[in-house]
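The values are calculated or read from the model by the stated rules, or taken from the named source; none is laboratory data. Bear in mind the structure is a predicted one, so any value in this text is a computation, not a measurement. We place every Cβ from the backbone using ideal geometry, glycine too, and count neighbours over all the protein chains shown. Note: accessible area is taken over every heavy atom of the protein model, side chains too, but ligands, DNA and RNA are not part of it. Shrake-Rupley method; radii C 1.70, N 1.55, O 1.52, S 1.80 Å.
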Amino acid sequence: MNRNRRKSRVALLAGYFFAAAGPLAAQGVPQSPAPASTSVIGDTAGLAREANVWLAQLIQINTTNPPGNEDAAAKYVAGILEKEGITPEILEVMPGRSAVVARLRSSAISDPARALLLVAHMDVVGADRSRWSVDPFGAVIKDGYIYGRGALDDKSMLAANLATIIGLKRANARLNRDVIFLATDDEEGGGDASIKTLIAKNWDKFAAGFAINEGGQVVTKGGKVQYVAVQASEKVSVSVAVVAKGTAGHASVPTKDNAVVHLAAAVAKIGSYSAPVHFTSIVRRYFEGMAAISDDEIAKWMRSLETPDRGEHAQRVLSETNPQWGAMLRDTISPTMLNAGVRPNVIPGEARAILNIRLLPGDTIDVLLGELGKLVNDPQVRLEVQPNAGLAAPPSSLESEFYAAITKVAAQEFAGAPVLPYQSPWATDSAQLRLHNVQAYGLWPFPITEEDLKRMHGDEERLSIASFNKGVDLLARIVSEFAVAK
Ligand SMILES: [Zn+2]
């Protein structure tokens, strides 16, 4: 895109945000009357307005992964930090793919065990333009929302992290621990340019004892925050190929060992399989908390989940009510790709499907594949684990001082809404951090409805500007509570 054109558009955007962001309550975002926690950053309204513009510009930098091309976003982010007198370092992970790190020091000698890492990724998943009413990379403003790929996942968090570290710097805050900003690349691909490689090559640049990242949410319903889910653990993504072999031949003479037929039968059996339910302590606490705010009928089933007589029925009812609840209780399998044949009149010798499996922390792929093998029970079919499987990480502690700070501030901001620990069905960069002894928590801080959350990775991804501004404020307060000396 032409540079000048972008500049004028952004100037327009800035004006729009200023005029349109308006009172939060008017846009359905609850506003606490007078937050009990005071933050050294103070009133974040002006900062949030600046961050609106960063968010828009980040959306306009197309970082669809693959190929990612995060270098452009990295340079942009580094430029903003530099202007504020915070020295950024661009860490090249692969050609065209970079991360950015920057630090506010608490003392001359850093103590990595105390440091707090603010993490967000710069890459986004692809967008099918034909299914959007606006340009997915236009950062178009409509009805108080900013539309665009990355508006939710994860450029909003990236912009809020920037606002937080810049707010601390401008306030000349006296820190009791280093605050480190980290913008990662290749999160959506989780491949060779991802945080795994970054940690292997550059851990000393951002080693920390605590981290805040995407992964948990502030969920609203009817204009009111219903609960705050703080991700402390996550499921593990593993892709598995189902490979059926048969005799290739002329389609005019059907064969019993047709690979397509054997594959289809195997996928159908796997598709209707339900793995056994396993509870983790985080999931237990999540359902306890949810029961307290759910209607009587649902609450009854949440409280019956582990009873011997009604547990199984409760698991079924809750999984049907909310498929995400079902995914929190068991390993899940989604067949996602099918591939067979090159000609209408040729029986192929091989047919393949891909399953995307999400394991509960603690469960292993071998055990599940053993079950699936028995279920498929076909010597023509085999199951093969694919590369780039996620790694299981220990959960972050629910007793840490950072978890306590997040809980305290969130509870103050949204009085009456419970703050619950959360085990996400999706994977984030936090698993790799947890494997390096970081107490990492997921909290995407922008109040949002379940409906709008579904647009993540989907069509018409959007975030209300009022919600973005509120999230900037919440994040700044959490980080101030934990990292600013009292
Ligand atoms: Zn993400």
Within region 246-261, the residues that are exposed (fewer than 14 other Cβ atoms within 10 Å of the Cβ) and under 20 Å from V376 (Cα atoms) are T247, K256
Return the only residue of A99, A108 being at pLDDT below 95 and either within 16 Å of the ligand (Cβ to nearest atom) or assigned to a loop (DSSP other than H, G, I, E, B) (or both). A108
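Considering only residues that are under 18 Å from T280 (Cα atoms) and touching a Phe, Trp or Tyr at 6+ places or on another chain (Cβ under 9 Å), which ones fall in region 404-429?
So in region 404-429, the residues under 18 Å from T280 (Cα atoms) come out as 419-427.
V419, L420, P421, Y422, Q423 - these are the residues of region 404-429 that are under 18 Å from T280 (Cα atoms) and touching a Phe, Trp or Tyr at 6+ places or on another chain (Cβ under 9 Å).
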Counted residues in region 40-84 being over 24 Å from the mean Cα position of the chain (by Cα) and without any contact (Cβ under 8 Å) to a residue 12 or more places away in the chain come to 5
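How many of the residues making up region 154-178 are part of a loop (DSSP other than H, G, I, E, B) and surrounded by fewer than 24 Cβ atoms within 10 Å (Cβ to Cβ)? Outline the logic, then answer.
Just the residues of region 154-178 that are part of a loop (DSSP other than H, G, I, E, B), to begin with: 154, 171-174, 176-178.
Subsequent filtering for residues that are surrounded by fewer than 24 Cβ atoms within 10 Å (Cβ to Cβ) retains 171-174, 176, 178.
So the count comes out to 6.
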Exactly one of (1) modelled with pLDDT of 95 or more; (2) surrounded by 15 or more Cβ atoms within 10 Å (Cβ to Cβ); (3) not in a helix (DSSP H, G or I) is unmet by A392. Its number? (1)
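Against the definition (buried (at least 24 other Cβ atoms within 10 Å of the Cβ) and among the β-branched types (V, I, T)), how does I146 come out, yes or no?
On the way: buried (at least 24 other Cβ atoms within 10 Å of the Cβ): yes; among the β-branched types (V, I, T): yes.
Criteria met by I146.
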Residues (part of a helix (DSSP H, G or I) and either open to solvent by less than 10 Å² (accessible area, probe 1.4 Å) or more than 16 Å from the ligand (Cβ to nearest atom) (or both)) located in region 190-228: I195, T197, L198, I199, A200, K201, N202, W203, D204, K205, F206
Over region 74-124, the set of residues under 12 Å from D185 (Cα atoms), open to solvent by 10 Å² or more (accessible area, probe 1.4 Å) and acidic (D, E) is E92
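Does P387 fit the bill of being surrounded by fewer than 19 Cβ atoms within 10 Å (Cβ to Cβ), without any contact (Cβ under 8 Å) to a residue 12 or more places away in the chain, of a type outside the set (V, I, T) and under 30 Å from V260 (Cα atoms)? So that I can check it myself, show each step before the final result.
On the way: surrounded by fewer than 19 Cβ atoms within 10 Å (Cβ to Cβ): yes; without any contact (Cβ under 8 Å) to a residue 12 or more places away in the chain: yes; of a type outside the set (V, I, T): yes; under 30 Å from V260 (Cα atoms): yes.
The answer is yes for P387.
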Can you spot a residue in region 51-65 that is part of a loop (DSSP other than H, G, I, E, B), more than 30 Å from Y403 (Cα to Cα), open to solvent by 60 Å² or more (accessible area, probe 1.4 Å) and modelled with pLDDT of 95 or more? yes
Are there any pairs, at least 6 apart or on different chains, whose C-beta atoms fall under 9 Å, with the first in region 280-292 and without any contact (Cβ under 8 Å) to a residue 12 or more places away in the chain and within 16 Å of S424 (Cα to Cα) and the second part of a loop (DSSP other than H, G, I, E, B) and of a type in the set (F, W, Y), and if so, which? none
Yes/no for S319 being in contact with a Leu (Cβ under 8 Å, 6 or more places away or on another chain), open to solvent by 10 Å² or more (accessible area, probe 1.4 Å), closer than 24 Å to W426 by Cα and free of Cβ contacts under 8 Å to residues at least 12 places away in the same chain: yes
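Looking at the structure I just gave you, is P33 out of contact with any helix residue (DSSP H, G or I) (no Cβ under 7 Å at 6 or more places or on another chain), open to solvent by 20 Å² or more (accessible area, probe 1.4 Å) and modelled with pLDDT of 95 or more? Before the answer, list the steps.
On the way: out of contact with any helix residue (DSSP H, G or I) (no Cβ under 7 Å at 6 or more places or on another chain): yes; open to solvent by 20 Å² or more (accessible area, probe 1.4 Å): yes; modelled with pLDDT of 95 or more: no.
So P33 does not fit the description; no.
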Pair list, Cβ < 6 Å and 6+ apart or interchain, from region 136-155 residues that are within 15 Å of I448 (Cβ to Cβ) to residues that are modelled with pLDDT of 95 or more and open to solvent by 10 Å² or more (accessible area, probe 1.4 Å): G144/S464; Y145/R462; Y145/S464; Y147/V134; Y147/V140; Y147/R462; A151/R462; D154/E214
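Can you go through Q412, Q432 and tell me which one is away from the ligand (no atom under 16 Å from the Cβ) and in contact (Cβ under 8 Å) with a residue 60 or more places away in the chain?
Details: Q432 fails: away from the ligand (no atom under 16 Å from the Cβ).
After applying the criteria, what remains is Q412.
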Of the numbered conditions (1) exposed (fewer than 13 other Cβ atoms within 10 Å of the Cβ); (2) over 27 Å from the mean Cα position of the chain (by Cα); (3) closer than 23 Å to L375 by Cα; (4) among the hydrophobic types (A, V, I, L, M, F, W, C), V346 fails exactly one; give the number of that condition. (3)
Against the definition (within 21 Å of E214 (Cβ to Cβ), part of a helix (DSSP H, G or I) and open to solvent by 40 Å² or more (accessible area, probe 1.4 Å)), how does Q412 come out, yes or no? no
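Report the residue count in region 322-332 for those that are open to solvent by less than 30 Å² (accessible area, probe 1.4 Å) and not aromatic (F, W, Y). Reasoning before the result, please.
Applying the first criterion (open to solvent by less than 30 Å² (accessible area, probe 1.4 Å)) to region 322-332 yields 325-329, 331.
Within this subset, residues satisfying the condition of being not aromatic (F, W, Y) are 326-329, 331.
Qualifying residue count for the region: 5.
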